[in-house]
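Peer 1: There's a structure below that I have some questions on.
What follows is calculated from the coordinates using simple rules that are stated; it is not laboratory data. Since this is a predicted model, take the numbers as computed values, not measurements. No Cβ is skipped: glycine too gets one built from the backbone with ideal geometry, and neighbour counts run over all protein chains shown.
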Amino acid sequence: MRIINSGAKRKDKYLGDERRWYIRLDTVLPVQFRLVGLDNQTSLSPNLQGFTNNLSKGGICLCAPELPQGLARLLREHQARVILSIDVPFLRKPIDAESTAIWVREDPAAPCKYYLGLAYEKIDPAANNRLMRYARGKQLFIPVVLLAVVLLGMALALNGFLNIRLTEGNRQLIRQLSAVIRESNSTKQKISEISREKETLGARLGELTARIQAIEEEKAGLSGLKGKAAAEITVKSRKINELNTLLQQLVREKGRLKQQLAGAQAQERAIAGQLARIDEKKQTLEKANFDRMYDWIKIHQNLRTGLVMSFEGDSDIDGWAFTYDESLAIQAFAYFGDNERARKALDFFKNRAERKNGLFLNAYYAHDGLPAEFIVHSGPNIWLGIAALQYTQMTKDRQYLGLAEDIAAGIISLQKEDAEGGLRGGPAVTWYATEHNLDAYAFFDMLFTLANKQKYAEARDKALDWLVKNTYNKSGVPIKRGKGDATIATDTYAWSIAAVGPDKLESLGMHPDKIMEFAENTCRVDVPYNIEDRVVRVQGFDFAPQRHLARGGVVSSEWTAQMAISFKMMADHYLKKNLPVKAGVYRQKADECLASLSSMIICSPSASGQGANCLPYASQDFVDTGHGWFTPKGKSTGSVSGTAYTIFAYYNYNPLKLKD
């Protein structure tokens, strides 16, 4: 930019081409000015108000909306100077300057409104530099903003495009997994049919072999003909011939059956090889899908609070972080080595979360950590303690052991209020749940292992004694939902295996096989499930016996995953007993649960989910669970509990036992 020179030469340049000297401002600056004589001493006007129209390093174009004509004439005739006080935003003091009018132009549409081209005679160079920096910044502001808007729009478009591609890629993974599961199931069905055919052929071969042997024995009894009468010899000879003919027929039939059996065996081997290849592909796709599911949990952690949003898709509980779900998320983070994420969530509960009587609330808002539900229940607190202990076990970082012990103090206080050592559902309730006492048994067992304090072993044993006395039954319904409550709740069956363990249950006179069998016979369902543009059938476990509810069967993703973990535990139990066949049966049941859960995987229903995979809470939305609450609203409502527990089942991680 050119700098205006002083004197007549400067005036000639202004007069010759005034426009090129100025930077046009998008926002005007207020200016206070007054006219003085050429001696800079004689005052010719009071303070007047104006504003900049544009400016340069050497002067400004001043808009004077109420300049008397006499003063304008003095400026035109160069008989006055202008003293300026320019108000610039972000500067504490106005910028003062002395100037001379180079040109004066009246606005024809507004009397007494003049535009004055002023050249600085005197101005502080540093102040002038600040003024010019501001002017250049204003000049660039709109282009920069427009560029930023364009770049932001491009970034959003690119992000949207990438999200669409990511979502479509995840959908394709889901479709591929669903297809390979169907293929696997179809192949298994063929193998099952061949197996039945083999059994039938084997049975027929056995019958033919027995008949052939019987005929051989009958022939041997007829072979001695010496000393017999001619008539008797004739009869026996005819009988032997008949037996020989029948024997030949049976031998030919046996040969055909052997060929059929050999063909069935060959077909079985071929299909078994095909199944092995299909299952290998299924395992690859399962892992890819479950990795996307873990991504979904990470995506929904608020990095300011450390909390993970529990549900995605139900506006009524949008942004809620249920304490129980936080426990599962923390354990998932710790399992996969994302310890910083686990610590963020644990730090929230250790340092920020509002408590009531020393215990944590059931839910908080993920974005700011404020309470979302002011109810306090025992179970969520125990599960938070379990998360702290599992983190401690997996990382050997003991900084949250105190958090677990704080929770234990509140739970033991509640336990002491009951003469039998039972644990109520919370400080303000009177009911007792099997679920919470199972949680307590597992929690105190872990805490005793890590803290080595006898009081925790005593609290653990009290919880188990209460369970045996009040909820376990060797006949009828084997496990009650709570004290005096024979309602069937599927999770109490799965968690009895997971928390207490098959060996301990057997020592108590309980039968883990019967527990699992009862849950299967009572709560297992086979239902249609709507996913995107198709309907698939899924098998899993309901919250309660479907025959008791008008809604029909519903598959709970979380409780089905819990049963899968318990099936795997039963398989391990029988492997240790050197009963591989029985172990194989339980392993197959676990695999069937996981295959059904894999068929229920959906893509994240919101933009924040970035198309990652997750599981809904149940196969139907907004239906009665049979236990006092409804499943979330929304056909595609992602659930932390269903997603996390399914990941646990896939990796054979049991939250109710310290990880080895």
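Peer 1: For q = 0.15, 0.18 Å⁻¹, what log10 I(q)/I(0) does region 87-143 give under the Debye formula with an equal point scatterer on each alpha carbon and no solvent?
Peer 2: -0.64, -0.83
Peer 1: Using the charge dipole of region 300-470 (Lys, Arg: +1 at Cβ; Asp, Glu: -1 at Cβ; taken about the Cα centre), state which of 402, 363, 348 has its Cα farthest towards the positive end.
Peer 2: 402
Peer 1: With the Cα gyration tensor of region 244-289 in hand, convert its eigenvalues to equivalent ellipsoid semi-axes via √(5λ) and list them largest first in whole Å.
Peer 2: 43, 5, 4
Peer 1: Inverting the mean 1/r over all pairs of different Cα atoms, compute the Kirkwood radius of region 45-96 and quote it in Å. Mind dumping the intermediate values first?
Peer 2: Details: mean 1/r = 0.0801 Å⁻¹.
Taking the inverse mean of 1/r over all distinct Cα pairs, region 45-96 comes out at 12.5 Å.
Peer 1: On to the next question. With the cut-off at 1.5 for a/c, could you classify region 579-660 from its C-alpha gyration tensor as rounded, prolate or oblate?
Peer 2: Prolate is the answer for region 579-660, as a/c is 1.5 or above and a/b outweighs b/c.
Peer 1: I'd like the Karplus ³J(HN,Hα) series for region 626-643: coefficients 6.51, -1.76, 1.60, θ = phi - 60°, whole numbers in Hz, and an x wherever there's a Gly or Pro.
Peer 2: For region 626-643, the Karplus-derived couplings read x, 10, x, 9, 9, 5, x, 7, x, 6, 10, 9, x, 10, 5, 5, x, 5 Hz, x marking Gly and Pro.
Peer 1: Continuing with this model, one more query. Can you grab the distance from the C-alpha centre of region 433-448 to the C-alpha centre of region 78-140, Å, no decimals?
Peer 2: Here the two parts' Cα centres lie 79 Å apart.
Peer 1: Using +1 at the Cβ of each Lys and Arg and -1 at the Cβ of each Asp and Glu in the chain, identify which of 380, 186, 426 lies farthest towards the dipole's positive end.
Peer 2: Selected residue: 186.
Peer 1: Cβ under 10 Å from residue 637's Cβ, residue 637 left aside: what net charge do those residues give with Lys, Arg +1 and Asp, Glu -1?
Peer 2: Net charge around residue 637: -1.
Peer 1: Nearest 0.05, what FRET efficiency do residue 96 and residue 149 give at R0 = 56 Å with Cβ-Cβ as r?
Peer 2: Once rounded, the FRET efficiency stands at 0.90.
Peer 1: Compute the distance in nm between two label points, each set 7 Å from the Cα along the Cα-to-Cβ direction, one at residue 652 and one at residue 506.
Peer 2: 1.9 nm
Peer 1: Give me the one-decimal nm value for the distance between modelled label points at residue 277 and residue 32, 7 Å along each residue's Cα-to-Cβ direction.
Peer 2: That separation, rounded to one decimal, is 9.1 nm.
Peer 1: Once both labels are modelled 7 Å past Cα along the beta-carbon direction, what's the residue 469-residue 298 spacing in nm?
Peer 2: Spacing of the two 7 Å Cα→Cβ label points: 4.8 nm.
Peer 1: Give the distance, in whole Å, between the Cα centre of region 341-384 and the Cα centre of region 502-532.
Peer 2: 32 Å
Peer 1: Please identify the chymotrypsin sites (Phe, Trp or Tyr not before Pro) of region 415-507 that satisfy two criteria: DSSP loop assignment and at most 14 other Cβ atoms within 10 Å. Which are they?
Peer 2: 431
Peer 1: Between residue 85 and residue 73, what is 0.36 nm times their sequence separation minus the Cα-Cα distance? Round to one decimal in nm.
Peer 2: 2.1 nm
Peer 1: A further question follows. Within region 175-212, which residues have the backbone N less than 13 Å from the label spot 7 Å out from residue 250 along Cα→beta-carbon, could you tell me?
Peer 2: Under cut-off, by backbone N: 205-212.
Peer 1: Related question: For the pair residue 532 and residue 428, what calculated FRET efficiency results from E = 1/(1 + (r/R0)^6), where r is the Cβ-Cβ distance and R0 = 51 Å, to the nearest 0.05?
Peer 2: FRET efficiency, residue 428 to residue 532: 0.70.
Peer 1: How many times 2.2 N^0.38 Å is the alpha carbon radius of gyration of the chain?
Peer 2: On the way: Rg = 43.0 Å, N = 660, 2.2 N^0.38 = 25.9 Å.
Relative to the 2.2 N^0.38 Å estimate, the chain comes out at 1.66.
Peer 1: Starting with the fewest neighbours, write out 212, 411, 602 ranked by other beta-carbon atoms found within 10 Å of each beta-carbon. Walk me through the numbers before you get to the answer.
Peer 2: Numbers: 212 16, 411 24, 602 21.
Ranked by crowding around the Cβ, least crowded first: 212, 602, 411.
Peer 1: Among the lysines, which fall within straight-line cross-link reach of residue 254, defined as a Cα-Cα distance under 18 Å, with same-chain neighbours fewer than 8 residues apart omitted?
Peer 2: 198
Peer 1: Can you give me the convex hull volume of the Cα atoms of region 506-650, divided per residue and expressed in Å³?
Peer 2: Convex hull volume per residue, Cα atoms: 122 Å³.
Peer 1: Then there is this: Dividing the Cα convex hull volume of region 221-362 by residue count, how many Å³ per residue is that?
Peer 2: Dividing the Cα hull volume of region 221-362 by its residues yields 292 Å³.
Peer 1: Once you've got the Cα coordinates, tell me which of 469/633; 514/635; 356/514; 589/657; 190/568; 356/474 are over 32 Å apart. List each step's numbers first, then the result.
Peer 2: On the way: 469/633 38 Å; 514/635 35 Å; 356/514 40 Å; 589/657 21 Å; 190/568 25 Å; 356/474 39 Å.
With Cα atoms farther than 32 Å apart: 469/633; 514/635; 356/514; 356/474.
Peer 1: How long is the gain from residue 576 to residue 629 if the chain were fully straight, where each residue apart is worth 0.36 nm and the alpha carbon distance is subtracted?
Peer 2: Value of the extension gain: 15.1 nm.
Peer 1: Helix 557-576 versus the longest principal axis of the chain: what is the Cα-based angle in degrees, 0 to 90, to the nearest 10?
Peer 2: 50 degrees
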